[in-house]
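A quick write-up on the structure given underneath.
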Amino acid sequence: MAKIAFIGLGNMGGPMAANLCKSQHHVSAFDLSEAAVAQAVDKGAHKAKSAAEAVKDAEIVVTMLPAGKHVREVYEKDVLPNLAKGALLIDCSTIDVESARHVAELASKKGFEMIDAPVSGGVGGATAGTLTFMVGGPEASFGKARPILEKMGKNIVHAGGSGAGQAAKICNNMILGISMIAVSEGFMLGKKLGLDAQKLFNVVSTASGSCWSLVNYCPVPGPVPASPANRDYQAGFTAAMMLKDLLLAQQAASAAGASTPLGAEAAQLFSLFANSGNAGKDFSGIVKMIEGK
Ligand code: NAD
C-alpha cells in the first residue's frame, strides 16, 4: 500500500482516485471543489484541507488539473515546497510541453523525480481503469510509476524524455478532434441522403471509415448507448477541453514548423462551437453545429 496524494478530482481525477482507493492505496484527496472531495471520500479517499496538506506525507503525488497554468501554480506553490523526501510526482493533466518540462525541471532541482503522464480513454476509461497513459520522463521514474498507473489504466506507454507524454497526447487529440468532425459530417450527409443512423453505423464501423470517434463515441444518438449523444451531450470531454488541446497542437506545430492544416481547421470549428455557448457541452455536440442547429 502506498501513500498517494491526489489533486484534481474532476470528471477524470475523481474516478482515477477511486480506482487507487479500490486497490487498497491510502489516498489523500484535494480539489478546490468541496463536492468533488466529498465524492472522493465516498469512494474511500481521505479528505485533505489543502494541496499542501495532501502531499506532506505522500510517497506519490498524482495531479489531474485542467491546464498548464494550474499545474505550474499547484506545483510551485503547494506541492514542491511541502513534499516529503523521495516522493515521486505524476502529472496526468493534458498541458503544454513547455509547462510540463518547466515543472519537471523545478522538481528535479529539488531532488524529486517527475513524469508527465497524460491519458486517453475519457471518463469511461477512467472509471473502468482502462486508460492509456503516455509517459514522458526518465526510464527509471517510468518504472517506479508503472505499478500505480496500472491501477488506473491498461496501456502504459513510455513515449520518451520529459514532455514526450504531452507531445504524444496533443498529436492524439488533434487526430481525435479532426476525426470527430469527419464522423459528424458523414452522419449529417447520410441524414440528408435519407440514411438511417444505425444502418450507417453498421456499415462504417466495419468499413474503412471506422475510427474511435465513431465506434466508442458516436456523435448521434442511438448506435453507441454510452456516448454523450444519448444524454444531450452532457460532458464527458468538454468542447472547451478539446479546444484547449487543439490550440496546444497548433502552438506546438507552429514552434516545430509542422504543417497541420486540418488541425488548424478543427481548432477554428471547435472555437466557433465552444464560443457560442457550448464550452461546457461534450465535444461530440459539434455535430449539432455541423447540422446547422
Ligand atoms: P475537470 O474540470 O472535470 O476537473 C479538473 C478539476 O481540477 C476540477 O475538479 C477543479 O476543481 C480542479 N482544480 C482546478 N484547479 C485546482 C487547484 N488549484 N487545486 C486543486 N484542484 C483544482 O476536468 P477533467 O475533464 O477531469 O480533465 C482534467 C485533465 O484531464 C485536463 O487536462 C483534460 O484535458 C484531461 N483529459 C480529460 C479527458 C476527459 O474525457 N474529460 C480525457 C483525457 C484527458
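The values are calculated or read from the model by the stated rules, or taken from the named source; none is laboratory data. Quantities reported herein were computed from a predicted structural model and do not represent experimental measurements. Glycine gets a Cβ as well: all are built from the backbone with ideal geometry, and neighbour counts include every protein chain shown. These accessible areas exclude ligands, DNA and RNA; they are computed on the full protein's heavy atoms, side chains included. Shrake-Rupley method; radii C 1.70, N 1.55, O 1.52, S 1.80 Å.
Taking the listed residues SER254, SER227, the one that is within 15 Å of the ligand (Cβ to nearest atom) and either crowded, with 18+ Cβ neighbours inside 10 Å or small (Gly, Ala, Ser) (or both) is SER227, with no other qualifying.
Looking across LEU89, LEU65, one residue alone is in a loop (DSSP other than H, G, I, E, B) and among the aliphatic types (A, V, I, L, M). It is LEU65.
For the stretch 172-196, taking the residues that are out of contact with any helix residue (DSSP H, G or I) (no Cβ under 7 Å at 6 or more places or on another chain) and within 14 Å of the ligand (Cβ to nearest atom), the one that is modelled with the lowest pLDDT is identified as ASN172. The listed residues are GLU53, GLU98, GLU73, GLU59, and the only one of them that is at pLDDT below 95 and assigned by TED's automatic domain parsing to the domain that holds GLU113 turns out to be GLU98. The single residue among ASP42, ASP31, ASP57 that is acidic (Asp, Glu) and open to solvent by less than 50 Å² (accessible area, probe 1.4 Å) turns out to be ASP31. Evaluated against (1) more than 29 Å from GLY263 (Cα to Cα); (2) free of Cβ contacts under 8 Å to residues at least 60 places away in the same chain; (3) touching a Pro at 6+ places or on another chain (Cβ under 9 Å), PRO138 falls short on exactly one condition, (3). Can ALA40 be described as free of Cβ contacts under 8 Å to residues at least 40 places away in the same chain, within 12 Å of the ligand (Cβ to nearest atom) and within 19 Å of the chain's Cα centre (by Cα)? Criteria met by ALA40. Being touching a residue at least 60 places away in the same chain (Cβ under 8 Å) and more than 10 Å from the ligand (Cβ to nearest atom) narrows it down to one residue among ILE4, ILE90; which is it? Answer to the selection: ILE4. Residues of the stretch 190-204 that are without any contact (Cβ under 8 Å) to a residue 12 or more places away in the chain and open to solvent by less than 70 Å² (accessible area, probe 1.4 Å): GLY190, GLY194.
Scanning the stretch 61-76 turns up one or more residues that are over 24 Å from LEU248 (Cα atoms) and either touching a Phe, Trp or Tyr at 6+ places or on another chain (Cβ under 8 Å) or open to solvent by less than 60 Å² (accessible area, probe 1.4 Å) (or both).
Within the stretch 49-68, residues that are farther than 13 Å from LEU32 by Cα reach partners that are in a strand (DSSP E or B) and aromatic (Phe, Trp, Tyr) with beta carbons closer than 6 Å, at six or more positions or on different chains, in the pairs VAL62/PHE6. For LEU9, the conditions (1) assigned to a strand (DSSP E or B); (2) within 10 Å of the ligand (Cβ to nearest atom) are fulfilled apart from (1).
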